[in-house]
Amino acid sequence: MGGDGYFGDEVAQTYDQDHSGTGASLIEQTVDCLVELSEDGNILEFAIGTGRIALPLVGKGANVKGIELSRAMVQKLREKEVGKPLEVVIGNMTSAQVSGDFSLVFLVFNTIDNLTTQESQISCFENAARHLETNGRFLIETQIPPLQRLPFGETKLAFASNDKHFGVDEFDIATQNYSSNHVWMKGEHHQYLSIPFRYTWPAELDLMARIAGFDFEYRWSDWDRSTFDRLSSKHISVWKKR
């Protein structure tokens, strides 16, 4: 693994295609929600990646900056940009600093799970707080750990199976760590990738938020702001800086 972490050149080249399940209508819904929560203030995206969300935000007139660990992912963002380049700091979202004050910091697509210790996840909240104005918001989109689908004692759960992609998650419920294991079939070429993660529960994230100086504000089941309940498979949670 190089300086780009698990998202080097090979992953970055096909990242958007491999994650095309997030269609245009969902992205538009996401962007509209983020713009409203920012209240026309500056926006900072942690793990900005290829600009999947940031570039449509700019298209809505938002002032957006980003933090990203992978130079390869940022290079794909640069290839898609139109107009003035976004300010993107290369670094870890737990500690990297971006100039300016922000009304919204956000982190989407389960990316909080890329931080594989509880301490690093708390540091992410604290770094968001450092960038936010008073009453600014921190938003996270992430999954509800799918442990109800695991039989007792089982550790593996398939999440993708088609002619282009196989995916299996492997869980350790004692540590809350898991790995996502992918095989992509691209013609005669097979690409294998295994990435470590740490899952969190909503209540645990709420406690991290309080440690970092936030108060809970909203929790939805999806970007349409539908009610979060026992059947929700993910959540969008928002905390406000005290």
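Residue-wise test of (1) outside any loop (DSSP other than H, G, I, E, B); (2) modelled with pLDDT under 95; (3) polar (S, T, N, Q); (4) in contact with a His (Cβ under 9 Å, 6 or more places away or on another chain).
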{"residue": "F7", "(1), (2), (3), (4)": "no, yes, no, no"}
{"residue": "E10", "(1), (2), (3), (4)": "yes, yes, no, no"}
{"residue": "T14", "(1), (2), (3), (4)": "yes, yes, yes, no"}
{"residue": "G21", "(1), (2), (3), (4)": "no, yes, no, no"}
{"residue": "V31", "(1), (2), (3), (4)": "yes, no, no, no"}
{"residue": "E36", "(1), (2), (3), (4)": "yes, no, no, no"}
{"residue": "L44", "(1), (2), (3), (4)": "yes, no, no, yes"}
{"residue": "I48", "(1), (2), (3), (4)": "no, no, no, no"}
{"residue": "G51", "(1), (2), (3), (4)": "no, no, no, no"}
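If a residue must be outside any strand (DSSP E or B) and not small (G, A, S), how many such residues does the stretch 217-242 contain? Reasoning before the result, please.
Residues of the stretch 217-242 that are outside any strand (DSSP E or B), as a first pass: 221-226, 228-233, 242.
Among the residues that remain, those that are also not small (G, A, S) are: 222-225, 228-231, 242.
Qualifying residue count, the stretch 217-242: 9.
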Point to revise | Per-region count, the stretch 112-122, residues open to solvent by 30 Å² or more (accessible area, probe 1.4 Å), under 19 Å from A203 (Cβ atoms) and touching a residue at least 12 places away in the same chain (Cβ under 8 Å) | key: 2
Exercise for review: For the stretch 136-145, indicate whether the set of residues that are of a type outside the set (D, E), open to solvent by 50 Å² or more (accessible area, probe 1.4 Å) and either within 28 Å of E28 (Cβ to Cβ) or in contact (Cβ under 8 Å) with a residue 24 or more places away in the chain (or both) is non-empty.
Suggested key: no
**Study point:** Members of the stretch 220-239 found to be touching a residue at least 60 places away in the same chain (Cβ under 8 Å), open to solvent by 60 Å² or more (accessible area, probe 1.4 Å) and over 16 Å from the mean Cα position of the chain (by Cα), listed by number
**Key:** D224, R225
Practice item. Say whether the condition of being without any contact (Cβ under 8 Å) to a residue 60 or more places away in the chain and either buried (at least 17 other Cβ atoms within 10 Å of the Cβ) or in contact with a helix residue (DSSP H, G or I) (Cβ under 6 Å, 6 or more places away or on another chain) (or both) is met by at least one residue in the stretch 40-47. Key: no
Practice item. Of all residues in the stretch 147-161, count the ones that are touching a Phe, Trp or Tyr at 6+ places or on another chain (Cβ under 9 Å) and not in a strand (DSSP E or B). Key: 4
Point to revise | Count of residues meeting criterion [of a type outside the set (D, E, K, R), over 21 Å from W184 (Cβ atoms) and open to solvent by 80 Å² or more (accessible area, probe 1.4 Å)] in the stretch 146-170 | key: 3
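Return the residue satisfying two criteria in turn: it lies in the stretch 90-122 and is in a loop (DSSP other than H, G, I, E, B) and among the aliphatic types (A, V, I, L, M), and of such residues it is nearest to the chain's Cα centre (by Cα). Spell out how you get there, then give the answer.
Of the residues in the stretch 90-122, the ones in a loop (DSSP other than H, G, I, E, B) are 91-101, 108-110, 115-117.
Now drop any that are not among the aliphatic types (A, V, I, L, M), which leaves 93, 96, 98, 108, 115.
Numbers: M93: 11, A96: 16, V98: 18, V108: 3, L115: 11 Å.
Of everything passing the filter in the stretch 90-122, V108 is nearest to the chain's Cα centre (by Cα).
Among the listed residues D206, D222, D215, which satisfies the condition of being more than 21 Å from C124 (Cα to Cα) and acidic (D, E)? Give the derivation first.
Values: D206 fails: more than 21 Å from C124 (Cα to Cα); D215 fails: more than 21 Å from C124 (Cα to Cα).
It is D222.
Out of the residues in the stretch 54-73 meeting the condition of being closer than 17 Å to S103 by Cα and outside any helix (DSSP H, G or I), tell me which one is most open to solvent (accessible area, probe 1.4 Å). Reasoning before the result, please.
First, the residues of the stretch 54-73 that are closer than 17 Å to S103 by Cα: 54, 57-58, 60-67.
Then keep just the ones that are outside any helix (DSSP H, G or I); that gives 60-67.
On the way: K60: 110, G61: 68, A62: 23, N63: 83, V64: 7, K65: 40, G66: 0, I67: 1 Å².
Ranking the qualifying residues of the stretch 54-73, first place goes to K60.
Provide a single number: the residues in the stretch 186-219 that are under 20 Å from Q148 (Cα atoms) and either surrounded by fewer than 17 Cβ atoms within 10 Å (Cβ to Cβ) or not basic (K, R) (or both).
Going residue by residue through the stretch 186-219, those that are under 20 Å from Q148 (Cα atoms) are 197-205.
Checking the rest, the ones that are also either surrounded by fewer than 17 Cβ atoms within 10 Å (Cβ to Cβ) or not basic (K, R) (or both) come to 197, 199-205.
Total meeting the criteria: 8.
The values are calculated or read from the model by the stated rules, or taken from the named source; none is laboratory data. The structure displayed is predicted, hence computed values, not measured ones. Note: ideal-geometry Cβ built from the backbone for every residue, glycine included; neighbour counts use all protein chains shown. Please note that ligands, DNA and RNA were not included when accessible areas were found on the heavy atoms of the full protein model with its side chains. Shrake-Rupley method; radii C 1.70, N 1.55, O 1.52, S 1.80 Å.
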